[in-house]
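S.K.: First the structure, which I've put down as structure tokens, then a few questions once you've had a look.
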Amino acid sequence: MMYPAGPGSGDSPEGFSEQPRVQPQIGNCTAQTLDAFFTCRKNALLAKSSSTQVEGDFAMAPRGPDQEECEGLLQQWREEGSSQVLSTSSEGPLVDNGLAQSSLALLMDNPGEQDAVSEDKWSNRQLSDLRAAENLEEPFPEVLGEEPLPQAEGPMWAAVPMQTGPQYADCAVLPVGALAAEQWEEDPAVVAWSIAPEPMPQEEAAIWPFGGLGQLQPPPMEIPYHEILWREWEDFSTQPDAQGLEAGDGPQFQFTLMSYNILAQDLMQQSSELYLHCHPDILNWNYRFANLMQEFQHWDPDILCLQEVQEDHYWEQLEPSLRMMGFTCFYKRRTGCKTDGCAVCYKPTRFRLLCASPVEYFRPGLELLNRDNVGLVLLLQPLVPEGLGQVSVAPLCVANTHVLYNPRRGDVKLAQMAILLAEVDKVARLSDGSHCPIILCGDLNSVPDSPLYNFIRNGELQYHGMPAWKVSGQEDFSHQLYQRKLQAPLWPSSLGITDCCQYITSCHPKRSERLRYSRDFLLRFRFCDIACQRPVGLVLMEGVTDSKPERPAGWAESVLEEDTLEPEPVFPRTVGTIQHCLHLTSVYTHFLPQHGRPEVTTMPLGLGTTVDYIFFSAESCENGNRTDRRLYQDGTLKLLGRLSLLSEEILWAANGLPNPFCSSDHLCLLASFGMEVTAP
């Protein structure tokens, strides 16, 4: 049996003569059957390949197997439990017929040459084999002296019989691409926001000359990125909370918030080895900027928190574009010589700015805080529509940050987070000592269930003696002999922050009034020791500076300054424990129950992990079931919905991050909230 001429076949352009193929001597019928079977198995393996670029012999047109290959395929087939096909010699013709139907060579369909090629090119010997296998009455015309087919670049399709017996099911060339497409279609965790692809014009189908055989053409091998990165919106607005109340009961002020690390171009170029899997064109900033703006426009959040925002790109492109979309933006560049920073943007039609506090983690002279990371805290007042009448909504505190990446320096991460929480505590504190609703988001460079994550969520962490690398959980350095361990106190008292993550000045009781100095009080200093001493260099003037004041009898030489200064309060430091009282919980559960896989927000070096978060004010509930999507008790701020994240396998199918569809090495986080509207 011969196969279509093509690259690697006997009719090569170089003029090499075709070498006779060694046929196993098991009998004419059995040898032909085995040949068809080996070809079928080889085609099935080729169809199961997930890569469109096949190396070696599979990249060429199918050829006859050699003896070693035949023996290997036969052994594999026997191990799969199908050896009964060759057990009965009387079934030889049927085997020949069925396997010949299943072992038609893979035809290479080049879409660019469909109009030029009017008929399939087959060799004489192959046509005779087909006629013998199918018992065709009318022979096919013989094609002589034709040039070898060029190597096809388009997708492959396979010819399979319309009806195949169950004993030959393992030999059929199955449409793997179709199965993959069906899998993505049924996957509820893969939902996309992008515009649907434009329909492609249908070309005229080529004439199928083989009677009795059906033509099966799977979809293109590469699934479009917007179908792979399909993210669904999870709606919680009608789901009962821990008390059984509907989340949407009563009037609410609803808004959406997005947190997104957009990958600064300078940082990407400094770490180019992390993006070798990406085509250079998709790493171009102009291409990435257009994709990012399209993503912002599609989701249209009311509050936008960005990390790794390059300063020149912000002022030249991002800020003008976002301003045209209706945003008011605040930006804080990292300290030192860094060129990126954090930005918080909000829509002035939905919120009014009360205050904005940039946060710098760098402290001169402190080795613990010698890094250039920053944060940004805004206090916003929601604007209630006039149609609701005289109602009010509590202010909203929004904090955005990008914590140090270094996996070995968990002590620095904790100190930076303590500064941010102290600033949030100061901004969000109300007159009665409570806090307004808080949303804390950003790239925390810590994985779920790590000590840093648990500290934010639970409000307490015992850190004394803990290895510094363990704080973030990014990497495991337990094998190293020397490990930096955290010692108490974690930061010095000169930082001005207590172990409860509050500024010391915020803990002072407010003075009822300013100190008032009366005339009698000031006259008490008239004849004190300093007033009776002649100043050095005083010019002697008769009748003016030549006399020494005489202290009256009974006048005290010194004046005690009583009640002029209040004693500084003393705050005892706890032994190896830090706390906060903001009651935060995560929007995401970091687990995909329908797939049994963890959620992923980024893929450094091809390894999926979660380092981006949105925390909000809510009381946590005691629930060990990780598949439960509501692990908290709603308070003033209610979670109404969120954009689902993806698994590592799905991102692998899209060639990781970044890709032509997602122009950052992080996924965006999006959540919808509702705030209670109360009457004054």
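S.K.: Calculate, in nm to one decimal, what MET325 and ARG597 gain on full extension: separation in residues at 0.36 nm each, minus their alpha carbon distance.
M.R.: 94.3 nm
S.K.: For THR335 and ARG524, calculate 0.36 nm times their separation in residues minus their Cα-Cα distance, and state this gained length in nm to one decimal.
M.R.: My answer for the length gained is 63.0 nm.
S.K.: Still on this structure: Given a cut-off of 25 Å, name the pairs among LYS332/LYS470; LYS426/LYS638; LYS347/LYS638; LYS413/LYS638; LYS332/LYS426; LYS332/LYS413 whose C-alpha atoms lie farther apart than that in the structure shown. Mind showing how you got there, number by number?
M.R.: On the way: LYS332/LYS470 29 Å; LYS426/LYS638 23 Å; LYS347/LYS638 20 Å; LYS413/LYS638 29 Å; LYS332/LYS426 19 Å; LYS332/LYS413 19 Å.
The pairs that break the limit, which is 25 Å between Cα atoms, are LYS332/LYS470; LYS413/LYS638.
S.K.: In what sequence, highest mean first, do 542-553, 469-480, 433-444 appear when ranked by Cβ atoms within 10 angstrom?
M.R.: Per-residue mean Cβ counts within 10 Å order the peptides as 433-444, 469-480, 542-553.
S.K.: Given a Förster distance of 41 angstrom, what is the FRET efficiency for GLU649 paired with GLN462, based on the Cβ-Cβ distance and rounded to 0.05?
M.R.: Between GLU649 and GLN462 the formula returns 0.65.
S.K.: Further question on the same structure: Under a plain spin-label model, where a point goes 7 Å from the Cα along Cα-to-Cβ, how far apart in nm are GLU273 and ARG551?
M.R.: My value for the distance between the label points is 7.7 nm.
S.K.: Could you tell me which of rounded, prolate or oblate describes the range 411-461, using a ≥ b ≥ c as the square roots of the eigenvalues of the alpha-carbon gyration tensor, with rounded for a/c under 1.5 and, failing that, prolate when a/b is larger than b/c and oblate otherwise?
M.R.: It comes out prolate by the Cα gyration axes.
S.K.: Next up: Beta carbons within 10 angstrom, averaged per residue: use that to sort the peptides 446-454, 382-390, highest first.
M.R.: Result, highest mean Cβ count within 10 Å first: 446-454, 382-390.
S.K.: To continue, here is another question. Taking a probe of 1.4 Å, how large is the accessible area per residue of the range 387-451, in Å²? Please report the intermediate quantities before stating the final value.
M.R.: Numbers: 1810 Å² over 65 residues.
I get 28 Å² per residue for the range 387-451.
S.K.: Ok, one more. Can you give me the long-range amide H partners of GLU308? Hydrogens built in the peptide plane at 1.01 Å from N, cutoff under 5 Å, separation of 5 or more residues or another chain.
M.R.: Answer set, sorted by chain and number: GLY341.
S.K.: Once the dipole of the range 363-426 is set up with Lys and Arg at +1 and Asp and Glu at -1 on Cβ about the Cα centre, which of PRO385, VAL424, VAL412 lies farthest towards its positive end?
M.R.: Of the listed residues, the answer is VAL412.
The values are calculated or read from the model by the stated rules, or taken from the named source; none is laboratory data. These figures come from a predicted structure and were not determined experimentally. A quick note on method: Cβ atoms are made from the backbone with ideal geometry, for glycine too, and the neighbour counts reach across all protein chains shown. Just so you know, the surface numbers come from the protein's heavy atoms only, side chains and all, with ligands and any DNA or RNA stripped out. Shrake-Rupley method; radii C 1.70, N 1.55, O 1.52, S 1.80 Å.
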